[in-house]
Structure formats: structure tokens, C-alpha cells
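Novice: Pasting a structure below so you can have a look.
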Amino acid sequence: MKKPYVKPSISKIVEGMPSKFGFREVVDPITEIDGIPVEKLIKEYGSPLFVFSERTIRVVYRQAYMAFSTRYPKVQFAWSYKTNYLDAVCRVYHQEGAWAEVVSGFEYDKALRNGVPGDKIIFNGPDKTREDLAKAIKNRSLIHIDHFDELYTILSLTSELEERPQVAIRVNMDTGIYPQWDRFGFNYENGEAWTAITRIMMSDKMDLVGLHTHIGTYIMSPKPYGVAAHKLAQLAKQIEEKWGHRISYIDLGGGFASKNTLRGAYLSGKDTTPSFEQYADAISQALIESGFDSYNLPVLFLETGRALIDDAGYLLGTVIANKRLADGKRAMIIDIGVNLLFTAFWYEHEIHPAKDVPPYLEDTTVYGPLCMNIDVIRTNVKFPMLEPGDHVVIKRVGAYNTTQWLQFINMRPNVVLIDMEGKVHVIRERETLETITSLEKVPDHLKEIGLSDTTENN
């Protein structure tokens with residue numbers, strides 16, 4: 001077979017073993033996922049296509065659990081539903097032993113529907129309706145109080161319901177991160193958190209069972225978690241000294257970074273993201289050194305989402321066209337848009353060809369198919385020339401994309417899960433026109449539009 005023509009180029013030769021193109025920058029192809037060829041997946045389930053690896057989900061979860069449970073004796077993970085609430089994905093985590101962490105009535109009901117007992121659901125978030133709170137109280141769920149208005153609502157419900165609410169307070173604090181996340185919960189430094197605790201304890205109408213914080217997102221250093229763990233531990237000790245009351249758990253929330261590379265970062269996320277072991281060292285050391293009775297340590301809760309699921313998700317797509325921009329730079333258009341890959345606004349996602357390609361790479365802007373100028377998957381990436389119809393694979397897309405995606409211009413595609421035996425399951429079907437229009441209602445006076453033939457009018 002005749003080899004494809006590759007145009008000659010001039011590039012600076014740097015240290016290493018050069019080819020005729022200079023120092024070789026390699027873009028490895030991804031031709032299969034868990035043993036299933038990419039070409040076969042696209043042929044059977046369409047393009048674009050989300051693919052999740054059950055094996056990767058379980059392996060990464062067990063690595064995270066091992067890192068923490070070997071450093072601290074009482075550890076309980078809770079799966080963050082907002083990160084990815086596809087039922088099949090959630091149930092894998094629940095099978096592994098994770099509870100559910102939810103932030104809305106919708107997510108709460110989804111967790112119940114997935115078979116999670118009410119007393120193994122952590123209810124976070126600033127928007128809990130009175131009906132949501134009543135349901136959570138009856139189910140003995142762990143309610144993390146976000147603000148005083150929520151506290152007062154719960155207090156008013158205690159006179160109507162027979163159950164004692166099981167509550168924790170959300171605490172925001174200075175951990176050295178800028179900007180400080182002070183939106184969620186009660187502030188530690190100005191005494192607001194202690195005021196909330198005092199009102200709960202003096203009411204004697206609910207059980208204060210835990211303390212919670214969520215210090216931020218994509219935290220690239222373990223140290224702030226150590227600071228947060230220490231401050232919550234000190235708060236717990238003050239509660240014990242003042243009220244003779246021992247809390248059951250300390251919840252460090254989420255925010256662990258995945259190995260994606262943030263936009264504008266100088267180094268790759270694969271090289272700079274802390275390991276689970278590093279996060280675990282910082283947190284466990286702070287708790288162990290905080291003076292708790294070793295026989296009555298609080299349970300450490302973790303609501304890790306992104307770091308557990310990102311590696312398990314892939315997005316497969318197809319090249320639509322190539323073109324040259326006004327400045328001569330190459331552009332490639334693919335059928336994956338930012339409506340499906342919302343995290344393209346945050347990350348320099350790894351994008352790979354799905355077949356072996358020549359070694360010549362060129363600076364390329366990768367656009368999606370949407371008719372909007374911000375539909376950019378990669379602003380600049382060294383990439384080989386692919387032809388229309390060739391396939392690409394984008395890595396580490398498991399977090400947030402299937403919860404924040406949009407039906408916009410194009411409909412949302414199939415989502416499949418490759419199980420432990422290599423069998424492929426559709427876990428969310430592609431949308432159709434009927435999917436989109438089934439909830440629409442057309443008033444009677446608009447049912448006939450009455451367009452005439454323009455040629456007759458002329």
C-alpha cells in the first residue's frame with residue numbers, strides 16, 4: 001500500500017534523537033478501550049460517544065480507599081452525585097461501599113431510587129426545600145446545614161415530625177487557598193460556626209452528629225486539607241469540652257484534583273496532581289495529632305468525585321473537516337462540541353487519534369461542530385493530520401460532562417459502559433427529536449403556520 005504523503009517542514013532540532021522532522025513529539029493513538037476497538041464502538045453506537053470503563057472506576061476507587069484506610073482507621077467515602085449521576089455509574093460506587101452525597105432534592109430521590117438507604121445519604125447544598133428536609137429527616141439522612149434559614153426551617157419541622165434530625169454544619173474557613181470559598185456554610189474564623197453549633201445544642205431538638213467543610217475545587221496541594229482537618233478537629237474538641245458531646249464524623253468534602261491539565265498550567269496535570277496517598281497523609285496526620293481519644297476517633301468522610309471518575313471516562317468522536325485559518329494555522333473540526341465537553345472550558349484535554357498516524361505534528365486548533373465561536377475543544381495542540389471520517393478519543397472526561405452537558409444545536413449521544421468482562425452496555429440512550437419535543441406544548445393558534453409558496457407570490 002502506498003504510504004500517505006507527508007509534507008516536508010523545518011523545525012528546530014533539540015536534544016534527543018531526531019527524525020527527518022526534528023525532535024519527535026509523540027501523540028500516541030488510542031485504538032481500543034478495555035480491549036474493545038474504538039472503530040467497533042463508534043460503528044455500533046454512533047459518534048460522538050461517551051464510554052465509561054467499569055474496571056477503571058473500581059480500580060481507582062480501591063486505590064483511594066486503600067490510601068486513606070491504611071492511614072486512618074475509620075474511613076467512609078460518599079459518591080458525589082453531581083459529578084456523575086448516571087445510575088449505572090452511581091451503582092458501581094455503591095457496590096464498592098460508597099454512600100451517596102447529594103445536593104438537591106432531585107439527586108436525593110435519585111439516590112433512593114438507586115437503592116441507597118436513607119441513613120446512608122449525605123444531604124449537602126444550599127437549596128433544600130422544606131419538603132426535601134422533611135423527607136431527609138424521616139429517612140434519618142445526614143443533613144449538612146448550610147445557613148441559618150435552613151437551621152430555622154429544620155427547627156420548625158421538629159415540632160411536626162417524630163424523628164430527631166441528624167445534622168452537621170458546613171464550615172468555611174481560611175486554609176491558605178485564594179480565593180477563599182466562603183459561600184457554603186458558617187465561617188470558622190469570625191465565630192459564626194460556633195454560633196450555629198450553640199443554637200443546635202441549646203435547642204435540644206436535633207442531634208449534631210458531624211462537621212463538614214468543602215474548601216474548594218481542584219485543590220493541587222494536600223496542605224490545605226491538613227489545615228481544614230485540624231480546624232474541624234479543634235471545633236469538635238470545643239464541642240466536647242463545652243457540651244460533653246462527641247461528634248460521630250468529620251467530613252472533608254471533595255475537591256481532589258484529577259490528572260487533567262488546567263488551562264494555562266505550565267506543567268501537565270499528570271506530573272503535578274497530588275496522589276491519593278499525599279492527600280491521605282495530610283488529612284490523617286492532622287486528625288491523629290488533634291488529641292482525639294484513640295478509642296473514639298470520629299469517622300473520616302470523603303465526598304471525592306472528580307479524582308475518582310475522570311480517568312474512567314472517554315469521549316469518542318469523528319473528524320468533520322480540516323481548514324486553514326486566516327493566519328495560516330491549521331484547524332480541525334470534530335463532531336464533539338462544548339455542549340458535550342463542558343470541561344473543555346477548564347482543561348487542556350488530551351486528544352488522541354484512534355489509529356496509527358505519521359509522526360509529523362502541526363499546531364492545530366480543534367473546533368467542535370456548533371455554530372458559535374466559543375466552541376473550541378483545544379485552542380492549540382500539536383496534532384497529526386487526520387482526514388474527514390477519521391476518529392479521535394478524548395481522555396479523562398468522566399467528571400461533570402454528563403451532568404452539565406446540554407442539548408444545544410445537536411442532541412446528546414449514547415453513553416456506554418464496558419463491564420468487567422468486556423461486555424458493552426448502553427447506560428443512557430441517545431436523544432431523538434421525540435425526546436426533545438415530548439415536553440413541548442404548542443398553543444392551538446400556532447398549530448397551523450400557513451406558509452405560502454414564495455414563487456407564487458412573486
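Values quoted throughout were computed directly from the atomic coordinates according to the rules given, and no laboratory measurement underlies them. Model, not experiment: these values are computed from the prediction. Virtual Cβ from ideal backbone geometry, glycine too; neighbours counted across all protein chains shown.
Novice: Give me the distance in nm between label points sitting 7 Å out from Cα along the Cα-to-Cβ direction at Asn190 and Asp119, one decimal.
Specialist: The answer from the label model is 3.8 nm.
Novice: Need the full-extension length gain, Thr432 to Ala321, defined as separation in residues times 0.36 nm minus the C-alpha distance. One decimal, nm. Can you show the working numbers first?
Specialist: Details: separation 111, 0.36 × 111 = 39.96 nm, distance 2.47 nm.
Answer, rounded to one decimal: 37.5 nm.
Novice: Out of the DSSP beta bridges found with both residues in the chain, what percent are antiparallel (nearest 5)? Each step should come with its number before you reach the end.
Specialist: Working: 32 of 69 bridges.
Taking every DSSP beta bridge with both residues in the chain, the antiparallel ones total about 45 percent.
Novice: A further question follows. Calculated FRET efficiency, Arg58 and Arg263, Cβ-Cβ r, R0 35 Å, to nearest 0.05?
Specialist: Details: r = 30 Å, r/R0 = 0.86.
The calculated FRET efficiency here is 0.70.
Novice: Could you please report the charge total around Lys395, scoring K, R as +1 and D, E as -1 over all other residues with beta-carbon less than 10 angstrom from its beta-carbon? Can you show the working numbers first?
Specialist: On the way: positive: Lys259, Arg396; negative: Asp310, Asp311, Glu350.
Around Lys395, the surrounding residues sum to -1.
Novice: So what's segment 54-309 giving for Cα Rg divided by 2.2 N^0.38 Å, two decimals? Mind showing how you got there, number by number?
Specialist: On the way: Rg = 17.6 Å, N = 256, 2.2 N^0.38 = 18.1 Å.
Compared with the compact-globule rule of thumb, segment 54-309 sits at 0.97.
Novice: Per the Kirkwood treatment, what hydrodynamic radius in Å, one decimal, follows for the chain from the mean inverse distance over all distinct Cα pairs?
Specialist: Hydrodynamic radius (Kirkwood, Cα only) of the chain equals 24.8 Å.
Novice: Given the peptides 134-140, 391-397, arrange them by the average over their residues of other C-beta atoms within 10 Å, most packed first. Please list the in-between numbers first.
Specialist: Details: 134-140: 19.3, 391-397: 24.9.
Going from most to least packed, we get 391-397, 134-140.
Novice: Sticking with this one: Would you give the gap between the C-alpha center of segment 52-99 and the C-alpha center of segment 398-425, rounded to a whole Å?
Specialist: Cα centroid to Cα centroid, the span is 19 Å.
Novice: If we count chymotrypsin sites (Phe, Trp or Tyr not before Pro) as exposed when they sit in a DSSP loop and have at most 15 other beta carbons within 10 Å, what is the longest stretch of the chain that avoids them all? List each step's numbers first, then the result.
Specialist: Values: sites that count: Tyr5, Tyr266, Tyr295, Trp346.
Counting only loop sites that pass the neighbour cut-off, the longest clear stretch is 6-265.
Novice: Here's a follow-up. What is the gain in length, in nm to one decimal, between Ser69 and Asp174 on full extension, counting 0.36 nm per residue of separation less the C-alpha to C-alpha distance?
Specialist: Details: separation 105, 0.36 × 105 = 37.80 nm, distance 2.68 nm.
So the extension gain works out to 35.1 nm.
Novice: Once each part is reduced to its C-alpha centroid, what is the distance from segment 254-331 to segment 350-395 in angstrom?
Specialist: Each part's Cα centre sits 23 Å from the other's.
Novice: Moving on to the next point. Taking just the alpha carbons, could you work out the radius of gyration and Dmax for segment 90-191, both in angstroms?
Specialist: For segment 90-191, the Cα-based Rg and Dmax read 14.7, 43 Å.
Novice: State, as an integer percentage, the relative contact order of the chain based on alpha-carbon contacts under 8 Å between residues 6 or more apart. Working shown, then result.
Specialist: Details: 883 pairs, mean separation 85.4, N = 458.
That works out to 19 percent.
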